[in-house]
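Visitor: Pasting a structure below so you can have a look.
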Amino acid sequence: MQSILNPGGIPFWRNVVFIQWAIQIVSAVVVIAIVSGFIVNVATEIHDRAIPFGFSFLDESAQIPIGESLIDHESSDSYLFGFAVAALNTVKASVFGVILATLLGIVIGVSRLSRNWILSRLALVYIETFRNIPLLIQLLFWFLIVLELPNVREGYIYFDAVYLNNSGLYLPWVSPMGGFWPWAILSFVGIVGAVYAFKYLAKREIETGQPSYPIIAGFAIFFVLTIVGLIIFSPLEIVIPERQEGPFGRLQGGARLTGSFFALLLGLVVYTSAFIAEIVRAGIQSVSRGQTEAARSLGLNTNAGLRYVIFPQAMRVIIPPLISQYLNLTKNSSLAAAIGYPDLVSVTSTMVQIAPAISLIGMVMVTYLAMSLFYSAVGNIYNRLTKYAGVG
Amino acid sequence: MKPAKTRIRQTAAARTFAAAFAVVVATALTLIACTSNTGANQVAVERAQATAEAAVIDRNNAIAERDDAVARAEIAEASTNRLKTIQDRGTLVCATGNDTPGFYFLDEEGNTIGFDVDLCRAVAAAVLGNADAIDYRFIDLSARGPALQSGEIDLLNMTTTWTSTRDINWGNFAPVMFYDGQGFMTTKSLGIESATELDNAAVCVTAGTTSELNLADFSRQHNLNIQPTVFEQDDTTVSAYHAGQCDAITTDRSIFTAYIEEFDNPDEHLVLPDIISEEPLTPLVPHGDDAWFDIVKIVMAGIIYAEAYGVDSDNVDAMADSENIKVKRLLGAEGDFGQEVIGLDKSFMVDVIKQVGNYGEIYERNLGSEGIGLPREGRNDLWLNGGQIYAPPLR
């Protein structure tokens with residue numbers, strides 16, 4: 001006798017379809033219960049304790065100081081603008097940190113596998129030291145070293161243009177003039193041309209075995225176009241740091257890497273590169289030794305073997321954990337407040353004095369989430385492009 | 001192996017059933033949620049009524065009606081009774097810091113000492129009879145507001161300036177215990193004499209303080225291009241200033257005295273004469289418990305009047321026999337000023353003065369000649385001597 005509870009004579013609790021549905025429903029209920037529990041708790045506490053909450057404050061003048069910013073900021077600007085300035089500071093630390101940590105990490109990771117005993121041992125010491133000391137301690141360490149430099153009035157001066165002191169590193173920099181955009185477009189054309197030339201020549205070199213110098217050709221195309229542009233359009237003006245009038249002798253103009261930012265960047269790069277080095281090492285070692293031997297027997301030298309045979313295969317292993325290191329670096333940059341770099345967390349902790357804490361912390365969380373999702377998305381796209389065709 | 005058709009039918013039936021099951025579960029959950037919500041609402045209404053009743057009934061009447069054990073339990077349940085919570089817990093949760101000499105820092109033995117710490121100790125002595133029964137929470141200055149709003153701490157004593165926004169958002173401020181004003185310290189070699197000369201200077205400041213906000217106001221007001229460098233913790237701010245990363249440091253002026261004492265080159269620093277803000281430093285308690293707020297105010301008034309009446313930790317026992325009626329009332333030997341109604345011992349001030357001392361003793365020990373050497377003149381003297389340290393009379 002078949003019934004809805006007993007289709008096909010199998011008891012419903014042993015029916016695979018039923019079990020799967022039941023698990024889905026139970027999990028959904030549990031998740032919803034926990035999340036709504038949190039929300040209800042926050043809402044109740046906000047109400048009972050009269051904790052300020054809302055977003056109307058964002059348009060008001062924040063009247064807080066921010067020490068350094070990528071875009072001009074005044075203390076009378078709104079909360080929202082101050083928040084954006086702080087978020088940009090975090091992005092700045094994150095982007096520079098990610099690029100430098102990746103480069104340094106690859107160098108150390110490859111050195112770790114070097115047949116040169118001293119080099120591989122040094123890389124090992126580097127990795128084990130910096131990976132195993134808490135980041136906050138490292139940041140304070142670098143910051144105290146920066147503080148040991150002489151002050152801005154007594155600091156080092158090189159070529160009357162580069163200043164190094166405990167307020168930061170001041171470099172000559174360029175500021176755009178009239179012909180900037182035509183020059184920028186020409187340089188962009190140079191980059192595209194260089195990439196295509198590199199690809200074409202590299203392919204030719206592999207197929208024919210004729211030395212075609214793809215790297216040299218690529219750079220040549222880029223530099224020729226850029227320099228020709230510089231001569232024709234005169235798009236840039238060189239700005240050299242200068243001392244301000246008055247007793248303090250602070251410097252203005254040019255590019256400034258503040259002491260705090262320098263210490264933060266150094267701390268993040270050194271710490272994260274130690275992890276990236278291990279990821280790179282693991283990635284390379286995951287490629288079977290036979291691949292190296294095959295490359296060798298095809299007549300590729302060590303560098304070519306690494307570049308054309310080993311790395312393309314290692315990248316598939318390296319990318320996912322590498323992305324999570326990028327996310328870690330971005331989130332770790334929130335320790336900046338300890339050493340005086342006005343990142344997102346530092347600035348919002350000032351705002352919390354006068355603005356609703358829960359709203360601001362919520363905004364900070366969403367901002368970090370957005371940054372992390374962006375890195376993940378980029379990583380996933382790259383991952384999809386490089387995975388084996390027809391697998392997974 | 002069953003024929004494919006049967007399997008399909010069977011799957012379809014199971015799916016129908018699963019869907020039906022899902023609907024039933026969802027309905028049941030919704031019902032449970034609604035009923036429990038109603039239940040919660042009813043409880044909330046009942047609690048609100050109980051609170052309102054408790055508030056309407058005069059406190060003395062409430063005590064008289066205490067013989068009904070059930071009613072008493074309900075009243076205790078209905079109001080957030082922080083005093084009872086503290087006494088049951090046996091410790092006072094006091095939020096303070098440990099990095100500002102004079103106000104709150106660690107001595108060589110690792111004890112937390114300081115002016116603000118002693119105010120916490122006075123309250124602990126009053127409500128628990130033991131000045132050491134304190135659970136210290138060392139927090140960052142920028143965490144003060146959220147810490148109070150969460151209601152997790154009983155008392156916050158951390159060089160906190162009483163401002164209107166904080167009064168509205170953070171908690172209730174007891175009497176002002178120290179009058180300060182924000183200033184600047186700089187190195188003598190720079191040769192500046194006024195804060196208005198700080199154009200193009202880098203100034204170190206700690207995050208989450210009124211100093212930070214006042215600095216922004218000051219530089220805007222006087223059209224000065226001041227580059228602020230904001231640190232999370234006081235000791236980093238001071239290190240950065242001392243290393244010369246900043247040309248000046250700004251905070252409450254009294255704290256500079258403590259900083260200079262710690263420097264290896266105290267003679268090279270100069271506190272500028274400008275006072276750019278009003279900084280009344282005040283203990284504060286979380287919102288929502290009027291009785292607890294009253295207790296803290298009474299204890300603060302008690303230590304101020306103890307100094308005014310000449311009662312100190314040495315003579316407190318002898319003073320109980322004093323001829324002075326006000327002294328007798330203060331020490332609980334005669335009359336009362338509401339201490340029992342609010343839930344304290346009649347003679348709680350004896351414990352406070354014996355264990356912690358009066359205002360003058362607390363000041364001298366931490367900020368005065370025995371502490372960081374800040375002369376007690378002007379506003380921080382008693383009103384009797386022309387100062388501003390004053391409290392509502394105890395009677």
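The values are calculated or read from the model by the stated rules, or taken from the named source; none is laboratory data. Not measured: the values here are computed from a predicted model. So basically every Cβ, Gly included, is an ideal-geometry build from the backbone, and we count neighbours across all protein chains shown.
Visitor: Just the residues that are surrounded by fewer than 18 Cβ atoms within 10 Å (Cβ to Cβ) and either closer than 30 Å to A:ARG153 by Cα or in contact with a Pro (Cβ under 7 Å, 6 or more places away or on another chain) (or both), please, taken from the stretch A:168-192.
Guide: Correct list: A:LEU171, A:PRO172, A:TRP173, A:VAL174, A:SER175, A:PRO176, A:MET177, A:GLY179, A:PHE180.
Visitor: Determine, yes or no, whether A:ALA22 is within 11 Å of chain B (Cβ to nearest Cβ), surrounded by 13 or more Cβ atoms within 10 Å (Cβ to Cβ) and part of a helix (DSSP H, G or I). First the steps, then the outcome.
Guide: Details: within 11 Å of chain B (Cβ to nearest Cβ): yes; surrounded by 13 or more Cβ atoms within 10 Å (Cβ to Cβ): yes; part of a helix (DSSP H, G or I): yes.
Against the criterion (within 11 Å of chain B (Cβ to nearest Cβ), surrounded by 13 or more Cβ atoms within 10 Å (Cβ to Cβ) and part of a helix (DSSP H, G or I)), A:ALA22 qualifies.
Visitor: Return only the number of the condition from (1) farther than 30 Å from B:GLY244 by Cα; (2) surrounded by fewer than 18 Cβ atoms within 10 Å (Cβ to Cβ); (3) touching a Phe, Trp or Tyr at 6+ places or on another chain (Cβ under 6 Å) that A:ILE157 does not satisfy.
Guide: (1)
Visitor: Just to be sure before I move on: is A:LEU230 among the aliphatic types (A, V, I, L, M), more than 14 Å from chain B (Cβ to nearest Cβ) and out of contact with any Ser or Thr (no Cβ under 8 Å at 6 or more places or on another chain) in the structure I sent? Give the steps one after another, and end with the answer.
Guide: Values: among the aliphatic types (A, V, I, L, M): yes; more than 14 Å from chain B (Cβ to nearest Cβ): yes; out of contact with any Ser or Thr (no Cβ under 8 Å at 6 or more places or on another chain): yes.
Yes: the conditions hold for A:LEU230.
Visitor: Same structure again: Hey, could you check the stretch A:141-195 for residues that are assigned to a strand (DSSP E or B), of a type in the set (Val, Ile, Thr) and under 30 Å from A:LEU225 (Cβ atoms) and say which is nearest to the other protein chains (Cβ to nearest Cβ)? Explain how you work it out, then say what you get.
Guide: First, pick out the residues of the stretch A:141-195 that are assigned to a strand (DSSP E or B): A:156-158, A:162-165, A:168-171, A:173-176.
Pick out the ones that are also of a type in the set (Val, Ile, Thr) and you get A:157, A:162, A:174.
Of the ones still in play, those that are also under 30 Å from A:LEU225 (Cβ atoms) are A:162, A:174.
Working: A:VAL162: 19, A:VAL174: 23 Å.
Among those residues, the one meeting the criterion is A:VAL162.
Visitor: Here is a further query. Tell me which of these A:GLU68 doesn't satisfy, since it passes every other one: (1) modelled with pLDDT of 95 or more; (2) within 11 Å of another protein chain (Cβ to nearest Cβ); (3) within 22 Å of the chain's Cα centre (by Cα).
Guide: Status for A:GLU68: all satisfied but (1).
Visitor: In the stretch B:243-275, what residues are closer than 24 Å to A:ASN151 by Cβ and β-branched (Val, Ile, Thr)?
Guide: Listed by number, the residues that qualify are B:ILE249, B:THR250, B:THR251, B:ILE255, B:THR257, B:ILE260, B:VAL271.
Visitor: Quickly run through the stretch B:218-266 and pick out the residues that are touching a residue at least 12 places away in the same chain (Cβ under 8 Å), of a type in the set (Asp, Glu) and either surrounded by fewer than 20 Cβ atoms within 10 Å (Cβ to Cβ) or within 13 Å of chain A (Cβ to nearest Cβ) (or both).
Guide: Correct list: B:GLU232, B:ASP234, B:ASP235, B:ASP247, B:GLU261, B:GLU262.
Visitor: Could you please find all residues in the stretch A:313-363 being more than 30 Å from A:PHE57 (Cβ to Cβ), in contact (Cβ under 8 Å) with a residue 40 or more places away in the chain and of a type in the set (A, V, I, L, M)? Working first, answer last.
Guide: Filtering the stretch A:313-363 down to residues more than 30 Å from A:PHE57 (Cβ to Cβ) leaves A:313-326, A:328-329.
With the extra rule that they be in contact (Cβ under 8 Å) with a residue 40 or more places away in the chain, the set shrinks to A:315-316, A:319-323, A:325-326, A:328-329.
Passing the criteria: A:MET315, A:ILE319, A:LEU322, A:ILE323, A:LEU329.
Visitor: Right, here's the next one. Give B:GLY208, B:GLY151, B:GLY145 a once-over and let me know the one that is assigned to a helix (DSSP H, G or I), in contact with a Lys or Arg (Cβ under 8 Å, 6 or more places away or on another chain) and either over 25 Å from A:GLU74 (Cβ atoms) or not polar (S, T, N, Q) (or both). First the steps, then the outcome.
Guide: On the way: B:GLY208 fails: assigned to a helix (DSSP H, G or I); B:GLY151 fails: assigned to a helix (DSSP H, G or I).
Going through B:GLY208, B:GLY151, B:GLY145 in turn, the sole match is B:GLY145.
Visitor: What strands (runs of 3 or more DSSP E), lying completely within the stretch B:154-194, carry at least 3 residues that are closer than 25 Å to B:ASP264 by Cα and not small (Gly, Ala, Ser)?
Guide: On the way: elements: B:171-173, B:178-180, B:182-187.
Where strands (runs of 3 or more DSSP E) fall fully within the stretch B:154-194 and carry at least 3 residues being closer than 25 Å to B:ASP264 by Cα and not small (Gly, Ala, Ser), they are B:182-187.
Visitor: Among B:LYS354, B:LYS346, which is the only one that is in contact (Cβ under 8 Å) with a residue 40 or more places away in the chain and either in a loop (DSSP other than H, G, I, E, B) or at negative phi (or both)? Spell out the reasoning first.
Guide: Details: B:LYS346 fails: in contact (Cβ under 8 Å) with a residue 40 or more places away in the chain.
Every option except B:LYS354 fails the conditions.
Visitor: Restricting to the stretch A:71-90, and then to whatever is touching a helix residue (DSSP H, G or I) at 6+ places or on another chain (Cβ under 7 Å) and aliphatic (A, V, I, L, M), can you tell me which residue is nearest to the other protein chains (Cβ to nearest Cβ)?
Guide: Out of the qualifying residues, it is A:ALA86.
Visitor: Inspect the stretch A:1-10 for any residue being closer than 30 Å to A:THR272 by Cα, away from chain B (no Cβ under 12 Å), surrounded by fewer than 14 Cβ atoms within 10 Å (Cβ to Cβ) and at pLDDT below 85 and give the result as yes or no. Spell out the reasoning first.
Guide: The initial filter retains those residues of the stretch A:1-10 that are closer than 30 Å to A:THR272 by Cα, namely none.
No, that holds for no residue.
Residue by residue, here is whether (1) part of a helix (DSSP H, G or I); (2) within 21 Å of A:SER69 (Cβ to Cβ); (3) within 14 Å of chain B (Cβ to nearest Cβ) holds:
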{"position": "A:ASN328", "(1), (2), (3)": "yes, no, no"}
{"position": "A:LEU335", "(1), (2), (3)": "yes, yes, yes"}
{"position": "A:ALA338", "(1), (2), (3)": "yes, yes, yes"}
{"position": "A:VAL345", "(1), (2), (3)": "yes, yes, yes"}
{"position": "A:THR350", "(1), (2), (3)": "yes, yes, yes"}
{"position": "A:SER359", "(1), (2), (3)": "yes, no, yes"}
{"position": "A:GLY362", "(1), (2), (3)": "yes, no, yes"}
{"position": "A:MET365", "(1), (2), (3)": "yes, no, no"}
{"position": "A:TYR375", "(1), (2), (3)": "yes, no, no"}
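Visitor: A:LEU58: in a helix (DSSP H, G or I), free of Cβ contacts under 8 Å to residues at least 40 places away in the same chain and in contact with a helix residue (DSSP H, G or I) (Cβ under 8 Å, 6 or more places away or on another chain), yes or no?
Guide: Numbers: in a helix (DSSP H, G or I): yes; free of Cβ contacts under 8 Å to residues at least 40 places away in the same chain: yes; in contact with a helix residue (DSSP H, G or I) (Cβ under 8 Å, 6 or more places away or on another chain): yes.
Answer is yes for this residue.
Visitor: Give the residue that is surrounded by the most Cβ atoms within 10 Å (Cβ to Cβ), with candidates limited to residues of the stretch B:200-215 that are at the interface with chain A (Cβ under 7 Å from one of its Cβ atoms) and closer than 21 Å to A:PRO247 by Cα. It would help to see each step written out before you state the result.
Guide: Step one: list which residues in the stretch B:200-215 are at the interface with chain A (Cβ under 7 Å from one of its Cβ atoms), which gives B:200-202, B:207-208, B:212-213, B:215.
Adding the requirement that they be closer than 21 Å to A:PRO247 by Cα leaves B:200-202, B:215.
On the way: B:ASN200: 20, B:ALA201: 25, B:ALA202: 23, B:LEU215: 30.
So, considering only residues that are at the interface with chain A (Cβ under 7 Å from one of its Cβ atoms) and closer than 21 Å to A:PRO247 by Cα, the one surrounded by the most Cβ atoms within 10 Å (Cβ to Cβ) is B:LEU215.
Visitor: While we're looking at this one, here's another question. So, in the stretch B:184-199, exactly how many residues are more than 11 Å from chain A (Cβ to nearest Cβ) and either of a type in the set (A, V, I, L, M) or touching a strand residue (DSSP E or B) at 6+ places or on another chain (Cβ under 6 Å) (or both)?
Guide: Restricting attention to the stretch B:184-199, the residues satisfying the condition of being more than 11 Å from chain A (Cβ to nearest Cβ) are B:184-185, B:188, B:194-196.
Pick out the ones that are also either of a type in the set (A, V, I, L, M) or touching a strand residue (DSSP E or B) at 6+ places or on another chain (Cβ under 6 Å) (or both) and you get B:184-185, B:188, B:195.
Summing the residues that are more than 11 Å from chain A (Cβ to nearest Cβ) and either of a type in the set (A, V, I, L, M) or touching a strand residue (DSSP E or B) at 6+ places or on another chain (Cβ under 6 Å) (or both) in the stretch B:184-199 gives 4.
Visitor: B:LEU270 - would you say it is closer than 30 Å to A:GLY340 by Cβ and in contact (Cβ under 8 Å) with a residue 12 or more places away in the chain? Please lay out each step first, then the result.
Guide: Working: closer than 30 Å to A:GLY340 by Cβ: yes; in contact (Cβ under 8 Å) with a residue 12 or more places away in the chain: yes.
Against the criterion (closer than 30 Å to A:GLY340 by Cβ and in contact (Cβ under 8 Å) with a residue 12 or more places away in the chain), B:LEU270 qualifies.
Visitor: Also, I was wondering about something else. Which residue out of B:ASP274, B:ASP264 is part of a loop (DSSP other than H, G, I, E, B) and touching a His at 6+ places or on another chain (Cβ under 9 Å)?
Guide: Values: B:ASP274 fails: touching a His at 6+ places or on another chain (Cβ under 9 Å).
Answer to the selection: B:ASP264.
Visitor: Still on this structure, please answer the following. Which of (1) part of a strand (DSSP E or B); (2) in contact with a Phe, Trp or Tyr (Cβ under 6 Å, 6 or more places away or on another chain) does B:VAL117 not meet, given it meets every other one?
Guide: (1)
Visitor: Here are the criteria: (1) surrounded by fewer than 22 Cβ atoms within 10 Å (Cβ to Cβ); (2) within 20 Å of the chain's Cα centre (by Cα); (3) among the charged types (D, E, K, R). Tell me which single one A:ARG307 does not satisfy.
Guide: Of (1) surrounded by fewer than 22 Cβ atoms within 10 Å (Cβ to Cβ); (2) within 20 Å of the chain's Cα centre (by Cα); (3) among the charged types (D, E, K, R), only one is false for A:ARG307: (2).
Visitor: Would you mention how many residues in the stretch B:351-395 are crowded, with 21+ Cβ neighbours inside 10 Å, touching a Gly at 6+ places or on another chain (Cβ under 7 Å) and within 26 Å of B:GLU334 (Cβ to Cβ)?
Guide: 2
Visitor: Filter the stretch A:349-370 for residues that are β-branched (Val, Ile, Thr) and closer than 17 Å to A:LEU88 by Cβ and give the result.
Guide: Initially, the stretch A:349-370 is screened for residues β-branched (Val, Ile, Thr), giving A:350, A:352, A:354, A:358, A:361, A:364, A:366-367.
Across the stretch A:349-370, the qualifying residues are A:THR350, A:VAL364, A:VAL366, A:THR367.
Visitor: Here are A:VAL91, A:VAL40, A:VAL95: which of them is in contact (Cβ under 8 Å) with a residue 60 or more places away in the chain and assigned to a helix (DSSP H, G or I)? If you could, list the steps in order and put the result at the bottom.
Guide: On the way: A:VAL40 fails: in contact (Cβ under 8 Å) with a residue 60 or more places away in the chain; A:VAL95 fails: in contact (Cβ under 8 Å) with a residue 60 or more places away in the chain.
One residue alone meets the criteria, A:VAL91.
Visitor: Out of (1) modelled with pLDDT of 90 or more; (2) surrounded by fewer than 18 Cβ atoms within 10 Å (Cβ to Cβ); (3) of a type outside the set (Phe, Trp, Tyr), the odd one out for B:ALA131 is which?
Guide: (2) is the only condition that B:ALA131 fails.
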